[in-house]
């Protein structure tokens, strides 16, 4: 009984609201006479969000740049190109698109204070040289456990370039092993 009474009261309240709402009509024009004409107005609204699209490397997943220097290259501290990039082995495609009205900062944060590791020894990230072989977006240089950045001025819209990587020993000759690590690149409009 109480449930039916509640439904009836809610129904009466809703019916009362609809009575006061009034009809909603589209814009309508009426033309009469021997050459009638009518116009009706339709408004449009497009909401574009502020956005950043940022790509480093392959569209289908992460890239791994691998360096395999010879003993002579290590001993002589020669720069060695890597392999595994989506552009020419040691290079990766970098694309940055933004409609932000602010500057866009691109930062690089490496994964550790000690650098790349083989489990027992480390190689500093400063041994990985990063360069741009295009134009428009200089790469932030890699350092151990520190965020570095570069900035694009507002209004640039889109930049596509290539970042290339080389390994060049500085300091002591490293112990044998496979040294691994990663960098996270981030684009932001502060």
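Looking across 137, 142, one residue alone is under 23 Å from residue 95 (Cβ atoms), in a loop (DSSP other than H, G, I, E, B), in contact (Cβ under 8 Å) with a residue 24 or more places away in the chain and touching a helix residue (DSSP H, G or I) at 6+ places or on another chain (Cβ under 9 Å). It is 142. In the set (1) without any contact (Cβ under 8 Å) to a residue 12 or more places away in the chain; (2) touching a helix residue (DSSP H, G or I) at 6+ places or on another chain (Cβ under 8 Å), the condition left unmet by residue 80 is number (1).
Per-residue answers, yes or no, for (1) surrounded by 14 or more Cβ atoms within 10 Å (Cβ to Cβ); (2) more than 20 Å from the chain's Cα centre (by Cα); (3) at positive phi:
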site: 115; (1), (2), (3): yes, yes, yes
site: 118; (1), (2), (3): yes, yes, no
site: 121; (1), (2), (3): yes, yes, no
site: 132; (1), (2), (3): yes, no, no
site: 136; (1), (2), (3): no, no, yes
site: 141; (1), (2), (3): yes, no, no
site: 145; (1), (2), (3): no, yes, yes
site: 150; (1), (2), (3): yes, no, no
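For segment 101-113, the criterion of being without any contact (Cβ under 8 Å) to a residue 40 or more places away in the chain, more than 19 Å from the chain's Cα centre (by Cα) and either farther than 28 Å from residue 188 by Cβ or surrounded by 14 or more Cβ atoms within 10 Å (Cβ to Cβ) (or both) is met by no residue.
Matching residues to (1) assigned to a helix (DSSP H, G or I); (2) modelled with pLDDT under 90; (3) more than 22 Å from the chain's Cα centre (by Cα); (4) under 30 Å from residue 172 (Cβ atoms):
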residue	(1), (2), (3), (4)
39	no, no, yes, no
44	no, no, yes, no
54	no, no, no, no
59	no, yes, no, no
64	no, no, no, yes
68	no, no, yes, yes
74	yes, no, yes, yes
94	no, no, no, no
97	no, no, no, no
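Of all residues assigned to segment 158-174, none qualifies as being modelled with pLDDT under 95, under 19 Å from the mean Cα position of the chain (by Cα), surrounded by 16 or more Cβ atoms within 10 Å (Cβ to Cβ) and outside any strand (DSSP E or B).
Listed by first and then second residue, the pairs linking a residue in segment 40-59 that is free of Cβ contacts under 8 Å to residues at least 40 places away in the same chain to a residue that is part of a loop (DSSP other than H, G, I, E, B), with Cβ atoms under 6 Å apart and 6 or more places separating them unless they lie on different chains, are 40/27; 40/28; 40/29; 41/27; 57/63; 57/86; 58/86.
The values are calculated or read from the model by the stated rules, or taken from the named source; none is laboratory data. Every value quoted in this text rests on a predicted model; they were computed, and no experiment measured them. Backbone-built Cβ (ideal geometry, glycine too); neighbour counts: all protein chains shown.
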